[in-house]
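The values are calculated or read from the model by the stated rules, or taken from the named source; none is laboratory data. Keep in mind that this is a model prediction, so the values were computed, not measured. FYI the Cβ positions are ideal-geometry reconstructions off the backbone, even for glycines, and counts take in every protein chain you see. These area figures cover heavy atoms from the full protein model, side chains too; ligands, DNA and RNA do not enter into them. Shrake-Rupley method; radii C 1.70, N 1.55, O 1.52, S 1.80 Å.
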Amino acid sequence: MLANFFYKSVCTKSKKVVGLFFIVLSSFLFSQEASILENITEAEGLPSNYVFNANEDQNGVIWLGTDKGLATYQDGRWITLDVDNGMPGNYIFHAIADKKNGLVVYLSERGLYYFDTNKRRITVKYPDLGNLVLKGLKISPYDKNYILVYCIDFSKKEEKFFAINIQNVKTLIPLLRERNNIFLVKNTTKTKLAEADFFLRKEVIKFNNTSLEEVDNGIIRRKNNKIIDTLSEKNGLGNNHINQILKTKKYVIISSQGGGIYIIRENTPKVTYNVKSTNARAVMTHKNMEYVLSDGILYIISNDKIRSKILVRKDAFTFFIDEKYIYLGSFAGLETYKLNGNQLKLISTFPLTSGVSKILKINNQIIFTTYGGGIFVQEGNSFVRHHNKPFNNIENFFKIKNGYAMISYESGISLLDENFKFLNHITRKNGLHSNFITTAFSDNDTTYIGARKGVSLLYKNKVVKTFNKDNGFKGNVTRLIFRDIHHKMWILTDQELMLKYKNNLRPVGSLRLLDNHEDLILKGSYSPENHQLTIVTKNKISVVDLSKIVPNSYVRDTYLTRVYSNGEKIDLNKKIYFEDHNKNLQFVFSSIDKDILGNTILFYKINNEAWKPFKEPRTLKFSHIDQGDFTLAIKAVNEDGYEKIVPGKIEFTVLGPFYIRLWFIFLSVLVIGVFLYSYLNEINKKKYIKKLNQLRVKHQLENERKRISRDLHDNIGAYVASLISKIDKLKHSDNTKDNGLVSYDDVRLDAEKILALLRQTIWILGNKDTNLIALYDNFKTYALKFLQTDEIRIIFEEEIENNRKFNATTGSGIFRIIQEALQNIYKHAHATKIEVNIISKDKIIIYLKDNGKGFKTENLKEGFGLQNMKERARELGFKFNIYSDVSGTTIELYEI
């Protein structure tokens, strides 16, 4: 019956009634306290969310013991030491700093060790504890030189105590327990180091006029012995399992079991509410209360608590609060509610299908913009529509000096006067760096236009300056621009809060607005009444008291520690030189950032170039630098934009390639001079040789002419004379058979010899290139023709393995030499046999041997023919020899 009644009475009502029912139902169902904690987890590079302990060493460096190893922060990143780089194990269950050289660490199932933080390695392994399980490490309350070690033997249910002297950490000293006291016994002297229940006491941390005390369900904060609040899962702790509380000079670090570490600053300007706001739509402050619209829920925040969550329309885009009324814009149009505490009552509706993007109330007049429908301005009980010439799809709307500004994510910004009359439209065509506009702010006669990747300044309808990454702008889009009550100009982006300083933007990096790299700032709103900035990110809502922001002006110094060239270390006590083959140059500097909340970056510039950031935290690498002298300047810039130029400049010289050095240039000039001299001398020599060759050729031609003339005279001429004589005899003969008369065969024989000599002469003069076999065959033909009627027998022998090729000069020269040798044998030797032998392997050897009368070589007078043969052989690269005795004569022609 009750279900049927509920269905008929409620479910059949209008959607508005049902919506109001859930709005009222959601009131006061939620209340969340603000958190002053800043959380660092694996999302920000922490090796593990299971942090068992935290310690600060003698150098002010924080060391965290985790289940993944020993972690520390350096130069913008977390470094973990584990079994892969020298640690005996990964589970650092207990650790304590001796404030001198390092840490005493206890590794689960591995034992107790001493870790030197300067050398970053284990230097002492203490004796095996056996069945003892270490339960705690603390400094003695009576003697700070001793670290106390508390162990339990669970099998015997006994407690054991040891001590480590900070002055000599190599020894583990057993302690004596008497009743409720623990003593160090040396000889017969007993020194009290602690009470037995010392390890069971909850430590109270004094910090920033408050005390922090760990309890079962979190951490109690007291001030003047009165409890302020309890830090627990309700207001920021990831879980209530606290491992250790560490106090440093600047903050308190709380290590937790599964939640990473939590930090409380000495002066924290920010409180946060862990609320997922992935679709934050609008933020507004009204009467010291912050209102955040996200995912169809209106959060109401006051007095460091989220007082309530009011369920509104899921498609709500914007809202505006005025005294007791709240105006809500959605795809349904404009709805007006009466706000009574945490309850809403619908008053009126102005239906609109295009969707409401922004609502303002100025001079008691409601103004709202739409997605595609233009502007609507209240006049009496109705609304008048105004169109914008460039675009009607208005993403946001702002009141500026003497008018209004309408922005678009694609079409730039339009300016209107007080009567909503169109004045001007600004885009990339007339000076904006982007048409993706997100916000606008009017400051006297200047309008700040926030866009993607920067902010542009509009003065007298002209863009006069743009703040981009070169001026310190950080982020992808601008979220909010405002001037606070102290006349400071602030710019909020999706990643940073920045303060305008002269002509640059200076980030407030010491104020951590984002928990990790995946988080983004979605909305922001400044309230001048309480000087607070409300910031909504994807993961939380934060309220920042701007009066408590104290930028960090301290910048840690750095210095050059090492220089490498191709992996080899260079002596810094000498002037730094790099050879031309040194392609990999490295300058390594000391650590500049050991603060887990800091982010100092090094910049460099060479000579007069612009400053450039290091690509690696402390190492500057160059793959190639041109030859010359260079000056390297270094500066450090901290998270708040304050910078410090490192005193002194680093000077170094790159010698460059050898071919541009002075010694090489001098040597090159000398070599080129010698080369030119040799070249010119060679040219002159070639000219001389050419002239000499021309004379030699001329001489050879003359000799050849004479030789041919002699051949014609001696050989052909003789045969022609003999032929004429025989023809005359035939003419006067009576054709009777007479032994003294000449026959026609004799005439024919002389004619054939003349023809053979002429052919041979023509072959020699006309042939250009030949080879050894062709030359030898031609000589055989010539010799057989030349000797065919005489009583001289000629024998040819040959051993030609290499058929050498010759040019015309060489071929004809060899032929002429052996031809003339054959003719001399025929004329003077009176021989009956001639042997011709030619051998061709690596060299050429030619022999002509006869069985003639011979002669004595000492009586030999070199005539023109013999001298001509020797000279011709020398010019061809051959040696000509002649040997003779009574048995005959041998002529030898061989290649040198």
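Structure above, values below:
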read-out	value
Amide proton proximity set for residue 393, modelled H, under 5 Å, gap of 5+	372
Of 351, 549, 412, farthest towards positive along the dipole that unit charges on Lys, Arg, Asp, Glu beta carbons give the chain	351
Approximate spin-label separation residue 796-residue 323, in nm, with each point projected 7 Å along Cα-to-Cβ	14.0 nm
Degrees separating the helix 772-786 axis from the principal Cα axis of the chain, which is the longest one	10 degrees
Dipole moment magnitude, nearest 20 debye, the range 791-841 about Cα centre, only Lys, Arg, Asp, Glu C-beta charged	200 debye
Neighbourhood charge, 12 Å Cβ-Cβ cut-off, centred on residue 263 and excluding it, Lys, Arg +1 and Asp, Glu -1	0
Trypsin sites (Lys or Arg not before Pro) restricted to the range 497-578 and DSSP loop, no more than 14 other C-beta within 10 Å	502, 574, 575
Among 614, 584, 627 - extreme Cα towards positive end, dipole of the range 579-636, charges at beta-carbon	614
Over the chain: helical MRE at 222 nm, DSSP H runs n ≥ 4 each giving -39500 (n - 2.57), nearest 500	-6000 deg cm²/dmol
The range 120-219: chymotrypsin sites (Phe, Trp or Tyr not before Pro) in DSSP coil with no more than 10 other Cβ atoms inside 10 Å	154
Sorted peptide list for 348-357, 471-480, criterion being average Cβ within 10 angstrom, highest first	471-480, 348-357
Environment charge of residue 154, counting only residues whose C-beta is closer than 13 Å and scoring Lys/Arg +1, Asp/Glu -1	+1
For the range 39-98 and the range 503-532, distance of Cα centres in Å	29 Å
Debye intensity ratio in log₁₀ form over the Cα atoms of the chain, taken at each q of 0.05, 0.09, 0.10 Å⁻¹	-0.57, -1.09, -1.20
³J(HN,Hα) computed for each position of the range 121-136 - Karplus, 6.51 cos²θ - 1.76 cosθ + 1.60, integer Hz, glycine/proline x	7, 6, 10, 9, 10, 7, x, 4, 7, x, 7, 6, 10, 6, 10, x
Nearest-20 debye value, the chain charge dipole, Cβ charges on Lys, Arg, Asp, Glu	2760 debye
Per-residue HN-Hα couplings for the range 105-112 [Karplus 6.51, -1.76, 1.60; θ = phi - 60°; Hz; x = Gly/Pro]	10, 10, 9, 4, 6, 10, x, 9
Separation of the residue 887 and residue 419 label points, Cα + 7 Å toward Cβ, nm	14.4 nm
In Hz, Karplus ³J(HN,Hα) per residue of the range 878-890 (6.51, -1.76, 1.60; θ = phi - 60°; x = Gly, Pro)	10, 10, 10, 10, 9, 10, 8, 8, 5, 8, x, 10, 10
Cα gyration tensor shape of the range 563-704, rounded if a/c is under 1.5, else prolate or oblate by comparing a/b with b/c	prolate
Between helix 864-876 and the chain: long-axis angle, C-alpha atoms, 0 to 90°, nearest 10	10 degrees
Under 5 Å, built H, 5+ apart or other chain: amide partners of residue 413	426
Qualifying chymotrypsin sites (Phe, Trp or Tyr not before Pro) in the range 535-627, DSSP loop, other Cβ atoms within 10 Å at most 16	554, 559, 611
Helix 744-766 axis, angle to the chain major axis (alpha carbon atoms, nearest 10°)	20 degrees
Accessible carbon and sulfur surface of the chain relative to its total accessible area, %, 1.4 Å	50 percent
Selection from 66, 171, 142 lying farthest towards where the dipole of the chain points positive, charges on Cβ	142
Under 16 Å from the Cα of residue 644 - lysines, other chains or at least 8 residues apart	605, 612, 635
Convex hull of the range 581-643 built on C-alpha atoms - directionally averaged projected area, nm²	4.9 nm²
Fraction in percent of alpha-carbon pairs per bin - 10 Å, the range 39-99	24, 57, 19, 0
Radius 10 Å from Cβ of residue 543, net charge of other residues (Lys, Arg +1; Asp, Glu -1)	-2
DSSP loop GluC sites (Glu not before Pro) with at most 16 other Cβ within 10 Å excluded, longest remaining stretch of the chain	610-790
Kirkwood-type radius of the range 192-341, with distances r between different C-alpha atoms, in Å	18.5 Å
Zone residues, the range 467-485, relative to residue 612, backbone N less than 17 Å from point 7 Å out along Cα-to-Cβ	470
Percent of C-alpha pairs per 5 Å bin, the range 162-264, short to long	2, 11, 17, 16, 13, 11, 13, 11, 5, 1, 0
Cβ-derived FRET efficiency at R0 60 Å, residue 389 paired with residue 303, nearest 0.05	0.80
Mean-position separation - Cα centroids, the range 563-618 and the range 406-471, in angstrom	41 Å
Paramagnetic reach from residue 353 in the range 311-342 [backbone N under 15 Å; point 7 Å along Cα→Cβ]	331-333
Dipole moment magnitude, nearest 20 debye, the range 352-432 about Cα centre, only Lys, Arg, Asp, Glu C-beta charged	140 debye
Average accessible surface area per residue within the range 394-520, 1.4 Å rolling probe, Å²	46 Å²
Qualifying aspartates and glutamates (Cα of each under 13 Å from Cα of residue 849; at least 8 residues distant if same chain)	797, 835, 885, 892
For residue 855, residues with placed amide H under 5 Å, excluding near neighbours	885
Set of aspartates and glutamates near residue 691 by C-alpha distance (under 15 Å), chain-local residues within fewer than 8 positions excluded	682
